[in-house]
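Chemist: First the structure, which I've put down as C-alpha cells, then a few questions once you've had a look.
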Amino acid sequence: SIYRCVTVQTYPLLAVFQSSIDHILQVVANLPSQTIPNPQSNVLVQATKKERHLHYLPLTRSHVLQYCVKFILTGLKKHIFSKQPCPDLDQAVGHAMTLIQYDWPAEESLAVKLLERIRRNRSFSYKLFRSYIVNVDLLEEFMYFSTDQGGCLALDIVSSSHHTR
C-alpha cells in the first residue's frame, strides 16, 4: 500500500532500520504475483548525498522488489562498512551477497567490496550460503578463496544439515 511505501521511506530518517525491514517484508508479501522479467539494472536512479529526487516506480512486482532490495542493501552497507565494530559482520555480508544477486551485474562493484572485506578478515561464516548464493561469479570467487593462491581463507559456508557422512 502507499502508506507502507511512505513508512518505509521515513523510518531511515528516524534510524529505525529494523522497522523499515518489517514494512518492506509486508510490502513484498502483498505484491501481485505476476511474472515479469527482471527489471533493467538502471531502473532505479541513485541520488547523491547532496541531492533529493522523486522517482516514479512502476507498480510491478519486479520493480518494487528491486526497490526494496536496494533499500535493504543501503542499510546493510552502512552496517558492514561502518567504523563501529560489527559483531554480526559475516551474517550482514552474507545477506548482502544474497541480495546483490537480484540485480546482477549492476551490483558487481558492491560484490567486489564485500569480497575484499572477507579477504581482509581472512575468514567467513555464513550458514545460508549453500541455499542462497547461486551466482557463478560469486561461487568462483569463494572457490578461489579456498585455494593457496586465494589465501586459504577459513570458510564456514556449509550448514551442519548439509554435511555428508
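Chemist: Of the conditions (1) at pLDDT below 95; (2) open to solvent by 60 Å² or more (accessible area, probe 1.4 Å), VAL134 satisfies every one except a single condition; which number is it?
Modeler: (1)
Chemist: To continue, here is another question. Can ALA96 be described as over 25 Å from VAL27 (Cβ atoms), among the small types (Gly, Ala, Ser), open to solvent by less than 20 Å² (accessible area, probe 1.4 Å) and outside any loop (DSSP other than H, G, I, E, B)?
Modeler: No, not satisfied.
Chemist: So, THR74, is that one open to solvent by less than 70 Å² (accessible area, probe 1.4 Å), outside any loop (DSSP other than H, G, I, E, B), among the polar types (S, T, N, Q) and modelled with pLDDT under 85 or not? Steps first, answer last, please.
Modeler: Numbers: open to solvent by less than 70 Å² (accessible area, probe 1.4 Å): yes; outside any loop (DSSP other than H, G, I, E, B): yes; among the polar types (S, T, N, Q): yes; modelled with pLDDT under 85: no.
Judged against the criteria, THR74 is not a match.
The values are calculated or read from the model by the stated rules, or taken from the named source; none is laboratory data. The shown structure was predicted, so the numbers you read here are calculated from the model rather than taken from an experiment. Positions of Cβ are backbone-derived with ideal geometry, glycine not excepted, and every protein chain shown enters the neighbour counts. With ligands, DNA and RNA removed, areas are computed over all heavy atoms of the protein, side chains included. Shrake-Rupley method; radii C 1.70, N 1.55, O 1.52, S 1.80 Å.
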